[in-house]
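Student: Structure below; questions to follow.
The values are calculated or read from the model by the stated rules, or taken from the named source; none is laboratory data. Since this is a predicted model, take the numbers as computed values, not measurements. Cβ sites come from the backbone with ideal geometry, for glycine too, and all protein chains shown count toward neighbours. Remember, those area values only see protein heavy atoms, side chains included, never the ligands or the DNA or RNA. Shrake-Rupley method; radii C 1.70, N 1.55, O 1.52, S 1.80 Å.
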Amino acid sequence: MQDIKVGIVGMGHRGRAWINTFKRVKGAKVIALCEKIGPLLKEGLKIAEDSKVKGYQDFEKMLKQAGLDAVAIVVEPENNADLVCEALERGKHVICEVPLSYTIKDCWRVVLAVEKSGLKFSMAEQLRYSPYIYAWRKMVEEEVLGKIVFVEGQYFHGITTRFWLDAETGKQLTWKEAKNNSHAKKGRMWYMPHPILYLPHELSPILKVLNDRVKKVACMGTRKKSYYRENFPISDIEVALMHTEKDTVLRMAAGFNAPTPIPNHWQHIMGTKGEVETNRSMNDKMKIWLADSFMNTKMDIDWEYTPYQPAPPEAKGTGHGSLDYYPLANFIKSIKEDTLPEMDVYKAADTAAPAILAGVSADRGNQCLEVPNFRPNEKRQVGEKPNKMDII
């Protein structure tokens, strides 16, 4: 089978990184790039290092003219649904960045578009490919930890950029640089009304470990005005409680304003027979405690790539600790072998919807809300609209 011809839309930091990552994926060939801002498009074409790669500033024009098999969408989440649905309607397989959407209605739009198209769709969440996630999932499947009753996940990341952009060049600006730049415009962080919306890197790996989905959610946060950033109208932190289909309680938290140390992610799983958790600092290690193993306290542990899942040479050096390779490689493999992507549209919606409804809950005085099941069932056939598509 010939290489899958890919077009990438969005030449921000992540989109430009995907150019190099796709170069490492066997069976993929980037043949087109799309970006409205001219200097960013020019930078992307330079990274491509191939005179045959065509540049477009119009997405629809790229879909019509470039001869693509698949589209990689790396834009602001609020624009995902429009571009994903248009690409699918044009007969292109799609992979997009996280999160899927900021609204339940857009989640349904993408789900229905995928179902009607019969094409491959994947969301490129990479933390679910981490070695410790495979280890934890195996432990849960083999009931080493017993019945999982409580899970915690948090993403605290004091981001210094992404708040401002130079409208002419697309360059990310610090707050100080933005004050002295007449072309400064608000970046993606201003259009994410709740920090809890950015939960894919917690919910995606955790739901993979649990093989579960969230049914109910409630959330509260600090005031709708940052204590750290002057005149920034979004909460510094939000914390959600979630209840899953298999009767596990999740505590999920997110915040992106105040300075934070690395690692930015922390996860903890508690069962009736033991616990595991990731490291809280760079001077720490992951932990394990097993009730049946005569352990008085949690012990340090290192989880590496097992002999059954060695890291291929082409993965090493890609972003996020070499994890960026896996979602893109899995997407191409799913097209070539006609298999289900690792993170299909239902799993993508499973990570977006609870976070969306958590934000709604925070706005509604911490109301507990039910999360829709996006999978076809006795109440909804494939391609059929739900009774309440625009829940929020």
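Student: Quick one: which residues, 5+ away or cross-chain, put their amide H under 5 Å from the amide H of VAL149? H built at 1.01 Å from N.
Tutor: Correct list: MET270, GLY271, THR272.
Student: Tabulate in residue order the Karplus-calculated ³J(HN,Hα) for region 81-88, using 6.51 cos²θ - 1.76 cosθ + 1.60 with θ = phi - 60°, rounded to whole Hz; enter x for Gly and Pro.
Tutor: Working through the residues one at a time gives 4, 4, 6, 4, 5, 5, 5, 5 Hz.
Student: With a cut-off of at most 10 other beta carbons within 10 Å, and DSSP calling the residue loop, which trypsin sites (Lys or Arg not before Pro) in region 167-260 qualify? Please list them.
Tutor: When the trypsin sites (Lys or Arg not before Pro) of region 167-260 are filtered for loop state and at most 10 Cβ neighbours within 10 Å, ARG223 remain.
Student: With a 1.4 Å probe and all protein chains left in place, how much of the accessible area of the chain comes from carbon and sulfur atoms, in whole percent?
Tutor: Here carbon and sulfur together make up 50 percent of the probe-accessible area.
Student: With the dipole of region 1-148 worked out from charges on the C-beta (+1 for Lys and Arg, -1 for Asp and Glu) around the Cα centre, which of ILE4, PHE59, LEU119 lies farthest toward the positive end?
Tutor: ILE4
Student: Sticking with this one: In sequence order, what are the phi-derived ³J(HN,Hα) couplings for region 311-327 according to the Karplus relation 6.51 cos²θ - 1.76 cosθ + 1.60 with θ = phi - 60°, rounded to whole Hz, with x for glycine and proline?
Tutor: Using θ = phi - 60°, the values come out as 6, x, x, 5, 7, 5, x, 6, x, 6, x, 6, 7, 4, 5, 5, x Hz.
Student: Another question about this same structure. Scan the chain and report its longest stretch carrying no GluC sites (Glu not before Pro) that are both in a DSSP loop and have at most 15 other Cβ atoms within 10 Å.
Tutor: 50-141
Student: Would you list which lysines come within 17 Å of LYS186, measuring only between C-alpha atoms, while excluding same-chain residues fewer than 8 positions from it?
Tutor: LYS36, LYS171, LYS176, LYS225
Student: Let me ask something else about it. Please calculate the 1.4 Å probe accessible area of ILE301, with all protein chains present, and give it to the nearest 10 Å².
Tutor: About 40 Å², ignoring ligands and nucleic acids.
Student: Roll a 1.4 Å probe over the protein chains and send me the accessible area per residue for the chain in Å².
Tutor: 47 Å²
Student: Please count, across region 274-392, the pairs of lysine residues with Cα atoms under 20 Å apart that sit 8 or more places apart or on different chains.
Tutor: 8
Student: When N counts the residues of region 240-392, how does its alpha-carbon radius of gyration compare numerically with 2.2 N^0.38 Å, as a ratio?
Tutor: For region 240-392, the normalised Cα radius of gyration is 1.33.
Student: Add +1 for every Lys or Arg and -1 for every Asp or Glu among the other residues with Cβ under 14 Å from the Cβ of ALA362, and state the total.
Tutor: In short, +1.
Student: Can you give the angle from 0 to 90° between the axis of helix 38-48 and the longest principal axis of the chain, with both taken from C-alpha atoms, to the nearest 10?
Tutor: Relative to the chain, helix 38-48 is tipped by roughly 80 degrees.
Student: Also, I was wondering about something else. Within 10 Å of each candidate Cβ there may be at most 15 other Cβ atoms; applying that plus a DSSP loop requirement, which chymotrypsin sites (Phe, Trp or Tyr not before Pro) in region 210-307 survive?
Tutor: In loop regions of region 210-307 (DSSP not H, G, I, E or B), the sparsely surrounded chymotrypsin sites (Phe, Trp or Tyr not before Pro) are TYR227, TYR228, PHE294, TYR305.
Student: Need one word for the chain: rounded, prolate or oblate. Basis is the Cα gyration tensor (sqrt eigenvalues a ≥ b ≥ c); a/c below 1.5 gives rounded, then a/b vs b/c decides.
Tutor: rounded
Student: If one takes the longest principal axis of the Cα atoms in the chain, at what angle in degrees, from 0 to 90 and to the nearest 10, does the Cα axis of helix 104-117 lie?
Tutor: The helix 104-117 is inclined about 70 degrees to the chain.
Student: Work out the length of the dipole vector of the chain about its Cα centre, built from +1 on the beta-carbon of each Lys and Arg and -1 on the beta-carbon of each Asp and Glu, and round it to the nearest 20 debye.
Tutor: Once rounded to the nearest 20, the dipole reads 740 debye.
Student: Residue by residue through region 141-153, which ³J(HN,Hα) values in whole Hz follow from phi under the Karplus form 6.51 cos²θ - 1.76 cosθ + 1.60 (θ = phi - 60°), with glycine and proline marked x?
Tutor: Values, residue by residue: 4, 8, 6, 5, 8, x, 6, 6, 10, 8, 9, 10, x Hz.
Student: Give me the accessible area of MET270, 1.4 Å probe, in Å² rounded to the nearest 10.
Tutor: About 70 Å², ignoring ligands and nucleic acids.
Student: Then there is this: Under the rule of at least 5 residues apart or a separate chain, name every residue whose amide H is placed under 5 Å from the amide H of SER122.
Tutor: The answer is VAL94, ILE95, CYS96.
Student: Consider all pairwise Cα distances in region 21-105 and report the whole-number % of them above 20 Å.
Tutor: Of all Cα-Cα distances in region 21-105, 34 percent exceed 20 Å.
Student: Would you rank SER182, SER361 by solvent-accessible area, highest first, keeping every protein chain in place and using a 1.4 Å probe?
Tutor: Ranked from most to least accessible, the order is SER182, SER361.
Student: Non-local amide H neighbours of LYS216 (under 5 Å, H modeled in plane, Pro and chain starts lacking H): which ones?
Tutor: HIS243, VAL371
Student: Continuing with this model, one more query. What angle do you read, to the nearest 10 degrees and between 0 and 90, between the alpha-carbon axis of helix 200-210 and the longest principal axis of the chain?
Tutor: Result, in degrees: 50.
Student: Using a Förster distance of 56 angstrom, determine the FRET efficiency expected from the C-beta separation of LYS5 and TYR227, and round it to 0.05.
Tutor: Computed FRET efficiency for LYS5 and TYR227 comes out at 0.70.
Student: Put ILE104, ILE47 in order of accessible area, largest first, 1.4 Å probe: what do you get?
Tutor: Accessible-area ranking of ILE104, ILE47, largest first: ILE47, ILE104.
Student: So how do HIS268, HIS157, HIS320 rank on accessible area, 1.4 Å probe, biggest first, that is with the largest at the start?
Tutor: The residues order as HIS320, HIS157, HIS268, largest area first.
Student: Follow-up question, since we're still on this one. Using R₀ = 45 Å, calculate the FRET efficiency as 1/(1 + (r/R₀)^6) where r is the Cβ-Cβ separation of LYS385 and LYS179; round to 0.05.
Tutor: Once rounded, the FRET efficiency stands at 0.45.
Student: Suppose the Debye formula is applied to equal point scatterers at every Cα of region 111-240; what is log10 I(q)/I(0) at q = 0.10, 0.15, 0.22, 0.23 Å⁻¹?
Tutor: -0.51, -0.95, -1.25, -1.29
Student: Just how much of ARG364 is accessible, in Å², when a 1.4 Å probe is used and the result is rounded to the nearest 10?
Tutor: 120 Å²
Student: Between the alpha-carbon centers of region 344-392 and region 219-241, tell me the distance in whole angstrom.
Tutor: Measuring centre to centre over Cα atoms gives 24 Å.
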